[in-house]
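Okay, so here's the structure we're looking at.
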Amino acid sequence: MSGRIPDNILEDILSRTDIVEVISGYLPLKKAGRNFKANCPFHHEKTASFVVSPERQIYHCFGCGESGNVFKFLMRHERMEFPEAVEILAKKLGVIIPQNRNHPGASFDPISNYSKINELAVGFYEANLANAAAAGAREYLFNRQIKPQTIKEFRLGLASSGWDNLINFLRSKSINLGSIERSGLALAKENGGYYDRFRNRIIFPIFDVRSRALGFGARVMDKTLPKYINSPETPVYTKGRNLYGLNLSKDHIREQDCAVIVEGYLDFIIPYQEGIKNIVASCGTALALEQIRLLKRYTHNVIMIYDGDAAGELATLRNLDTLIEEGMNIRIVSLPQGYDPDLFVRKFGAAKLKNLIAEASNLFDYKFSILKSKHNINDAHAKSLIASEMLLTINKFQNAIIRSEYVRHLSEGLKVGEAYILEELKKLKPGQQRPASGQEKEKKKMDINPVEKLLIKFMLEENDLIHRIRLELEPSDFQDKRTSDIVSIIYELVTQGRPVSVNILMNYFNEEDATQLLCESVFLPDLTVSERDKAVGDCIQRLKHQRLRSRREHLHTQIKHAQATGDEKALHNLVKEFQESIKKG
């Protein structure tokens with residue numbers, strides 16, 4: 001995990017960071033002896049089992065097994081990649097991460113040049129909207145009931161009618177034309193030169209979950225078509241990878257354990273402004289897989305709000321099956337004909353929309369009602385069509401109980417025997433199995449020899465013990481690959497004269513099992529010095545005995561093979577080695 005960022009940088013950041021201070025910014029920690037405790041943020045629990053150790057600078061949940069150092073906590077809680085977690089802490093501490101292209105950390109570019117260009121453009125558009133000459137644009141937003149505070153919070157802006165205003169501004173900031181074009185902010189003319197992509201439009205900046213500018217949506221203020229134009233795909237912006245407004249709503253979604261999904265910018269902004277905070281916009285007709293997985297980091301419950309004009313589209317309903325495959329619980333709100341969330345809230349108020357959200361239909365009932373409205377349910381052929389469509393959705397559910405219940409409901413709704421529905425369901429290929437979600441995750445079992453875990457604990461508690469254990473045991477003497485890999489890294493760090501601690505060691509492993517194993521090892525019950533000294537000797541002897549026993553088993557197999565093949569020379573040597581191993585105990 002740490003190969004791209006120099007190890008000394010990571011170690012410097014870890015040595016200067018207090019994990020208790022960082023985690024207490026997210027959770028209410030309570031002192032518990034030498035440690036701190038809280039309810040785990042990664043699974044639902046009533047009794048606190050999430051432990052933070054200031055001494056070891058790690059956290060571990062005894063309920064779900066989630067473990068790690070401060071980097072891992074930021075990655076899991078803020079849903080970010082490892083380099084981003086390092087960047088956040090580095091900035092806080094004033095640590096500079098080398099950007100030399102020949103350096104091992106060269107591929108780590110914490111803030112892309114394109115994001116910097118976009119940020120300059122956001123500021124330019126904001127200033128335009130605040131300008132005295134933009135009274136008409138501000139009047140337009142006022143008429144759409146967008147408040148001044150909302151304009152500021154969403155950093156709305158204005159692209160004026162000039163052909164190269166933004167280009168000239170960015171050029172004054174030493175941004176070259178090629179970079180401006182690749183950022184999607186300028187278009188090349190056929191006869192040479194460039195012009196601004198966005199002109200005479202309200203600008204909606206699009207941010208990632210860390211509020212970095214990725215791209216832009218631009219809306220006209222009259223009847224001109226197209227109503228919206230958006231940034232093209234760029235090195236930092238891909239439409240299907242982000243959700244509009246998630247940077248502002250993510251904490252509300254996590255708190256309420258539910259996300260309301262709408263389509264457009266204003267469909268997000270107006271409800272959010274009026275108090276519906278757990279909301280995001282897809283900025284498209286269907287959620288892409290990456291958007292669903294991004295949302296899953298915060299909740300597994302979604303409520304789709306459809307315009308009355310699009311609510312009955314079968315293709316729209318079929319797209320929701322991907323949400324089911326990803327383990328999401330889906331409910332649906334269909335607005336009256338001619339209304340979208342923006343207009344509905346402006347006309348009827350947010351409270352009315354909240355009521356509709358509270359009464360949202362589950363996907364089965366909603367899809368079934370749509371199909372019944374389209375087909376004559378008394379016709380046998382129509383029943384077959386409805387059943388086929390409904391079974392496509394039912395088949396996506398992994399839970400057998402849910403499938404069984406929906407089969408029963410479909411049987412009752414169509415007045416067709418349940419056996420016939422099941423017969424048709426069996427014709428479909430089973431939905432792909434998905435891994436358990438973070439919310440469904442049970443405590444992971446670590447079936448590892450306790451002797452091996454205890455030796456890891458001793459080595460991480462007392463560096464002098466590493467030298468003692470190293471004289472007696474090789475990494476290969478640890479039979480579990482995870483413990484063997486951990487011991488190998490410990491020995492390597494000691495050889496290099498570098499510090500060995502559990503929070504530093506975690507940077508060398510991508511696998512969750514390894515970090516959980518490290519935490520479970522160090523949280524084993526403490527021993528007195530004399531107890532520990534005896535236990536170290538006992539553990540070493542047990543692993544040595546285990547090594548001899550494994551070697552004997554291997555020799556026994558080889559002896560049988562030599563006997564079967566008549567290899568007398570090999571047989572003689574193997575028997576001799578086997579007898580010597582017996583003498584060793």
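Nothing in this text is a laboratory measurement; each read-out follows from the coordinates by a stated rule. This is a predicted model, so every value here is computed, not measured. Quick reminder, even Gly has a Cβ in these numbers, built from the backbone with ideal geometry, and neighbours come from all protein chains shown.
List of remarks:
- Environment charge at L158 (Cβ cut-off 9 Å; Lys +1, Arg +1, Asp -1, Glu -1): +1
- Efficiency of FRET between N399 and A127 - r from beta-carbon atoms, R0 60 angstrom, step 0.05: 0.70
- Pair S211, D379: separation of 7 Å Cα→Cβ label points (nm): 5.7 nm
- Sequence-ordered 3J(HN,Hα) estimates for the range 147-164 from the Karplus curve with 6.51, -1.76 and 1.60 and θ = phi - 60° stand at 7, x, 5, 5, 4, 5, 5, 8, 6, 5, x, 9, 9, 6, 7, x, 7, 9 Hz, glycine and proline given as x.
- Positive minus negative residues near D379 (Lys, Arg vs Asp, Glu; Cβ under 13 Å): +4
- Checking every one of the trypsin sites (Lys or Arg not before Pro) in the range 322-422 against DSSP loop status and a limit of 12 other Cβ atoms within 10 Å picks out K415.
- Residues listed by number, the range 74-96, amide nitrogen under 15 Å from R16 label point at 7 Å toward C-beta: 86-96
- Annotation: amide H of I279 within the under-5 Å range of V260, sequence separation 5 or more or interchain, hydrogens built in the peptide plane.
- Residue-by-residue Karplus 3J(HN,Hα) for the range 47-54, coefficients 6.51, -1.76, 1.60, Hz, glycine and proline x: 10, 4, 10, 8, 10, 10, 9, x
- Residues whose amide H falls under 5 Å from that of G215, counting only those 5 or more places apart or on a different chain, are I206, with hydrogens built in the peptide plane.
- Of the options [x] 256; [y] 156; [z] 168, only one is volume of the Cα convex hull per residue in Å³ as computed from these coordinates, and that is [x].
- Normalising the average separation of contacting C-alpha pairs (under 8 angstrom, six or more residues apart) by the number of residues puts the relative contact order of the chain at 11 percent.
- The calculated FRET efficiency for N319 paired with S476, based on their beta-carbon distance and R0 = 56 Å, is about 0.60.
- Whole-angstrom gap from the range 25-86 to the range 112-153, using each part's C-alpha centre: 39 Å
- Chain lengthening between L177 and R241 when straightened (0.36 nm per residue, less Cα-Cα): 20.4 nm
- In sequence order, calculated HN-Hα J values of the range 258-270 (Karplus, 6.51, -1.76, 1.60; Hz; x Gly/Pro): 6, 10, 8, 10, 10, 9, x, 4, 5, 5, 7, 5, 5
- Cα-only Debye scattering, the range 113-237: base-10 log of I(q)/I(0) at q = 0.12, 0.23 Å⁻¹: -0.42, -1.49
- Relative to the compact-globule estimate of 2.2 N^0.38 Å, the Cα radius of gyration of the range 294-434 comes out at 1.12.
- Spatial separation of Cα centroids for the range 319-343 and the range 196-273, in angstrom: 18 Å
- FRET efficiency for R408 and Q256, using Cβ-Cβ distance with R0 set to 35 Å, rounded to 0.05: 0.70
- Positive-pole candidate from I9, L571, N128, dipole of the chain, charges at beta carbon: N128
- Dipole of the chain computed with +1 at Lys/Arg Cβ and -1 at Asp/Glu Cβ about the Cα centre; of I270, N39, T238, farthest Cα towards the positive end is I270.
- Radius 11 Å from Cβ of Y508, net charge of other residues (Lys, Arg +1; Asp, Glu -1): -4
- Using Cβ point charges alone (K and R +1, D and E -1), the dipole size of the chain about the Cα centre works out to roughly 420 debye.
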